[in-house]
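A.B. asks: Structure incoming, see below.
The values are calculated or read from the model by the stated rules, or taken from the named source; none is laboratory data. Predicted, not measured: the structure shown is a model, and the values here were computed from it. Using ideal geometry, Cβ is built from the backbone for each residue, glycine included, and neighbour counts are taken over all protein chains shown. To get the accessible areas, we keep the full protein, side chains included, count just its heavy atoms, and leave off ligands, DNA and RNA. Shrake-Rupley method; radii C 1.70, N 1.55, O 1.52, S 1.80 Å.
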Amino acid sequence: MKLGIAIAPADAPPSTFVVFRDDLKRSIERAADLGYDGVELALRDASQVDLAALKGWLAATGMEVPCISSGQVFAADHLYFTHPDEEIRQAAVARISGLVVLAAELGAKVNIGRVRGFIHDGDTPELARSRFMSCLERCAAVAEPLNVELIVEPVNRYEINFLNTCAEVLETIKASGRSCLKLMPDLFHMNIEESSFRGAFEAGKEFVAYVHVADNNRLAPGWGQLRFEEIFQILTDIGYDGYITAEILPKPDPVSAAKQAAEYLSTMLGRLAQTRPGCA
Ligand code: LER
Ligand code: MN
């Protein structure tokens, strides 16, 4: 497994949910120094990034961008897939499609989190689902030929009222039949919504493509009460070998949080490697 950390450009709105909201070059260098393998880029629009410069900073540090996240398309610009207005839905699809084209250049996945939208008052869950599925299909039609995975994230009921559990997301992925659609579990949301970490991961094991990690209080792992040793054993048991990316509050300050997450998660992964059969 590889370690990632969520970052955003300095001009991202303060509500952007990342550890470092700063000059991208500085954040990438800081993350590399702390031992991360990659940075998840939180963007609202592909035009926020100078691709040539970004590729240069990644090459200089040996870092990757495993994922572009899209929460600000929803939170800052209010574009989402279940919106009653088709023009707004299409604008959300266009934003995600732009992020997909950028992701193809970086070998990244694109996250579909809160941009899925919510069930509006007066709408039925079936109507919200059909709008969502239509937008997802339009994005998948762009992503699939570019070999970009769209990773759909279950988000807990206190943040959104649609697609809260891994099972609900899996149902939509399977119904779409698109091979570029995958599952992106987030431990914080799972801790609220799932009755069992093991049950949810095992049911989705063929689809888990990326994982957000945080402790139960959204602080860095180790500063809450999740049992990470057990969770990483489950990830190992299902054969997961992708990114685990810290999506945590920048508290008490961004560097302390990022340092704690890197040290704690590296230790955890090291411990697991030692218990694997055949490992020295
Ligand atoms: C986004 O990845 C997420 O997990 C949300 O909780 C952010 O509000
Ligand atoms: Mn998340």
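A.B. asks: How many nm separate the modelled label positions at Ala104 and Asn217, each set 7 Å beyond the Cα in the direction of the Cβ?
C.D. replies: Once both label points are built, they end up 4.5 nm from each other.
A.B. asks: OK, next. By accessible area of protein heavy atoms, probe 1.4 Å, what ranking do His78, His83, His212 get, highest first?
C.D. replies: Ranking His78, His83, His212 by accessible area, largest first, yields His78, His83, His212.
A.B. asks: Divide by every residue of the chain the summed helix terms, -39500 (n - 2.57) for each DSSP H run of at least 4, and state the resulting mean residue ellipticity at 222 nm, rounded to the nearest 500 deg cm²/dmol.
C.D. replies: Taken over the chain, the calculation gives -13500 deg cm²/dmol.
A.B. asks: Something else about it: Share of the chain's accessible area from carbon and sulfur, percent, 1.4 Å?
C.D. replies: 50 percent
A.B. asks: Continuing with the same structure: If R₀ is 35 angstrom, what is the calculated FRET efficiency for the pair Ala76 and Lys205, using the beta carbon separation as r and rounding to 0.05?
C.D. replies: With a Förster radius of 35 Å, E is 0.55.
A.B. asks: With the other protein chains left in place, how much accessible area per residue, in square angstrom, belongs to the chain at a 1.4 angstrom probe?
C.D. replies: 41 Å²
A.B. asks: What does the net charge come to around Lys55 if you take all other residues with beta carbon closer than 14 Å to its beta carbon, with K and R at +1 and D and E at -1?
C.D. replies: Around Lys55, the charge tally is -2.
A.B. asks: Report, as a whole number in µm² per second, the diffusion coefficient that Stokes-Einstein gives for the chain at 37 °C and 0.692 mPa s using the Kirkwood radius over alpha carbon pairs.
C.D. replies: 174 µm²/s
A.B. asks: Between segment 1-39 and segment 184-248, what is the C-alpha centre distance in whole Å?
C.D. replies: 20 Å
A.B. asks: Per residue, how big is the convex hull around the C-alpha atoms of segment 186-280? Give it to me in cubic angstrom, could you?
C.D. replies: It is 92 Å³ per residue.
A.B. asks: Something else now. Got a number for the accessible area of Ser176? Probe 1.4 Å, square angstrom, nearest 10.
C.D. replies: It works out to around 40 Å².
A.B. asks: Give me the accessible area of Thr61, 1.4 Å probe, in Å² rounded to the nearest 10.
C.D. replies: Accessible area of Thr61: about 40 Å².
A.B. asks: Let me ask something else about it. Run the 1.4 Å probe and let me know the accessible area of Tyr80, rounded to the nearest 10 Å².
C.D. replies: 20 Å²
A.B. asks: Right, next: Quick one: dipole size for segment 2-273, taken about the Cα centre, charges +1 on Lys/Arg Cβ and -1 on Asp/Glu Cβ, in debye to the nearest 20.
C.D. replies: Computed about the Cα centre, the dipole is about 180 debye.
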